[in-house]
Structures are given as structure tokens and as C-alpha cells.
Amino acid sequence: MDVYEKCQNEPITIRDRIYSESAIDTFYFTNEFGCDSLYVILIEELLNIPDELQIQGELTLDINEAFDLEVPLDEGYSIDWEPAAGVSCSNCATTTLLTDGSIDVLTYTITDSNFCSRTFTINLYYTCPVYIPNVISLRESGSINASFGVHSHISCDLSDEYEMYMYDRC
């Protein structure tokens, strides 16, 4: 009997037969002299990457806020983050998410020593912190206080989120 190992949730094809789960199967072969031969196979499923390695399904962050992520990996596992430009280390279990607002979905794929893999997804949502100057200095050209208004990151559209009222204290 020959033993084949497959990753969970991944099919394996042997002699034009597709196996999606553990199985025992028998193939019959007839040689050139008319003698029959039996070939028995055993398909075993390897353990899947555990659910405990999913850290969070979604994160809400301030835009441009660095955020540390850690996946508790044991030996025998490797990790790859996508997009790689969105993290400080694309193959480290502990990395920093670099949030500039351009990434909506971050994925990480964990691979075990049998080369079975599983991909997890983190949806990213951003808030835009604002700065409203309480003093205006028209003499300092180019300064953030040189004009009156709400200031935020260039990726933030403040027109739909904020209203401003001015009152005369006199």
C-alpha cells in the first residue's frame, strides 16, 4: 500500500481520480499477459493551519498611524504578508503595519513544514484625525496656521464628514 498525504481543503489527483478527503482506493491493472494486479493507496489529510493563527478580521486605524502586528507562530511555520509594501517586514511574524490609507485589505499566508498553507485576511478602515488651528498668523507664509480651515492627511476627504460653525463673540 502506498500512502499519499494531502493538505486539508486541497484536492489531490492520482491517476485521473480527484480526492478531496482521506480515502483508501484500489486500482486494477492488467499486464500484457492478462494477469491482474491490485494497487492500493491510502490518502491521509495533514492537519490544517489552526484558526488560532488568525489575529484580527478587521482594524480601524488613524491614517499614518504605525500599528504593530504579531502572529504567534511556532517553529515549522513561515509567514508572508501581502502587499509587502504595507508592512515593515513581509516575512516576519512580528511586523509593523505602515498605514498611509492606500491599503484596504492586508493578507498573510502561513505555510507549515509540509508546505500546506492558509491565507487570512484583515480588512483595514481608516479614520482621519484633524487639526484646526485656534490662532491664525497670516505673516508666516507656508505655515499650517497661515490660513483658517480644517487640516488633515491629503488622502482624507473632509467635505462629507465635518461641518464648521463660526461664532462672533462680540
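Using the Kirkwood formula over every pair of different C-alpha atoms, what hydrodynamic radius in Å results for segment 51-127? It would help to have the intermediate numbers written out before the result.
Values: mean 1/r = 0.0791 Å⁻¹.
Averaging 1/r across every pair of different Cα atoms and inverting gives 12.6 Å.
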DSSP bridge orientation in the chain - percent antiparallel, rounded to nearest 5: 70
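Which value, in debye to the nearest 20, describes the size of the charge dipole of segment 42-118 about its Cα centre when Lys and Arg Cβ atoms bear +1, Asp and Glu Cβ atoms bear -1, and nothing else is charged?
Result for segment 42-118 is approximately 180 debye, rounded to the nearest 20.
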Unit charges at the beta carbon, dipole of the chain: most positive-side option, Ser90, Ile79, Pro11: Ser90
Additional length obtainable on full extension of the chain from Asp2 to Thr26, 0.36 nm per residue less Cα span: 7.6 nm
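Just subtract the alpha-carbon distance of Gln54 and Thr94 from 0.36 nm times their residue separation and send over the number in nm, one decimal. Numbers along the way, then the final one.
Numbers: separation 40, 0.36 × 40 = 14.40 nm, distance 1.34 nm.
Net length gain for the segment: 13.1 nm.
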Longest exposed-site-free window of the chain, the sites being trypsin sites (Lys or Arg not before Pro) in a DSSP loop that have at most 15 other C-beta atoms within 10 Å: 16-138
Distance (nanometres) between label positions extended 7 Å along Cα→Cβ at Arg139 and Val105: 5.5
Sequence-distant residues sharing a close amide H with Cys7 (under 5 Å, placed H): Leu46
Long-range HN-HN contacts of Val87 with modeled amide H, under 5 Å: Leu98
Positive dipole terminus of the chain, leading residue within Pro133, Met1, Thr111 (C-beta point charges): Pro133
Fewest-first sequence of Met166, Met1 by Cβ atoms within 10 Å of each Cβ: Met166, Met1
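A short reminder: the numbers here are calculations on the coordinates, not readings from a lab. Computed from a predicted structure; not experimentally measured. In this analysis, Cβ positions are derived from the backbone assuming ideal geometry, glycine residues included, and neighbour counts consider all displayed protein chains.
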